[in-house]
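Remarks on the structure that follows.
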Amino acid sequence: MAGALTLRVITPDHIVLDRQVDRVQVPAADGLMGILPRHAHMVTALDAGLVTYQVGGSEEVLFVSGGFAEVRGDTVRIVSEAGERPEDISEERASKAEERARKLLDDGAGGPGVQIDVLRAEFALRRARFRLRAKRRS
Ligand code: ATP
């Protein structure tokens, strides 16, 4: 059934996407989750990662950064801190963010508060890597 799902992605700034699609995969906090038409209602937390969706024969990709996905009826709603199509992503900025995060993790031994810094750096590294992955897939 072509285009049987409505996929809506919003961020604090704007509506990133509002499209009819065939299927969606979201980066749920506990792993990738595939959503087809007639999926059970659900809400899940999202990690930073790639939302992939099929339209006709082609697969498209969108970077998201945390938030939630809700499936209700045949609508998938995603609310995230960031939502970027490959063409929105600056590869240079993501490469620099990756380098910064990697350096922080390499240098980050010892000192009070280091646990929080490591978690933040790991999340920043994950965001940068998935942005680069989205860009390189396009
Ligand atoms: P940076 O360290 O480069 O700011 P970040 O991962 O800390 O990266 P976020 O906090 O995820 O950035 O996002 C802040 C804002 O900047 C969001 O609006 C996001 O869409 C945008 N943004 C971040 N990185 C990029 C990028 N590489 N290309 C385009 N937009 C980006």
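Observations, loosely collected:
- Couplings 3J(HN,Hα) of segment 92-102, computed from phi: 5, 5, 5, 5, 5, 5, 5, 4, 4, 5, 5 Hz, in residue order, whole Hz [Karplus 6.51 cos²θ - 1.76 cosθ + 1.60, θ = phi - 60°; x for Gly and Pro].
- Within segment 31-47, backbone nitrogen closer than 16 Å to the virtual label 7 Å beyond the Cα of GLN20 toward Cβ: 37-38
- For the chain, the longest principal axis of the Cα atoms and the long axis of helix 114-137 meet at an angle of about 50 degrees.
- A straight chain from GLU122 to THR6 at 0.36 nm per residue would run longer than the Cα-Cα distance by 38.5 nm.
- Three-way shape label, segment 5-84, alpha-carbon gyration tensor, a/c 1.5: rounded
- Once backbone amide H atoms are built at 1.01 Å from N, LEU17 has VAL9 as its partners under 5 Å, excluding neighbours fewer than 5 places away on the same chain.
- Counted residue by residue at 0.36 nm each, then reduced by the alpha carbon distance between them, the extension gain from ASP13 to VAL55 reaches 12.6 nm.
- Across the chain, Cα pairs under 8 Å and at least six residues apart give a relative contact order of 22 percent.
- Annotation for ARG93 and ARG77: the two label points, set 7 Å from Cα along the Cα-Cβ direction, are 2.7 nm apart.
- Rg and Dmax [Cα atoms of the chain; Å; Rg one decimal, Dmax integer]: 16.3, 56
Taken together, the values in this text are just the output of simple stated rules run on the coordinates, not laboratory data. On a predicted model such as this, the values are computed, not experimentally measured, just so you know. Note: ideal-geometry Cβ built from the backbone for every residue, glycine included; neighbour counts use all protein chains shown.
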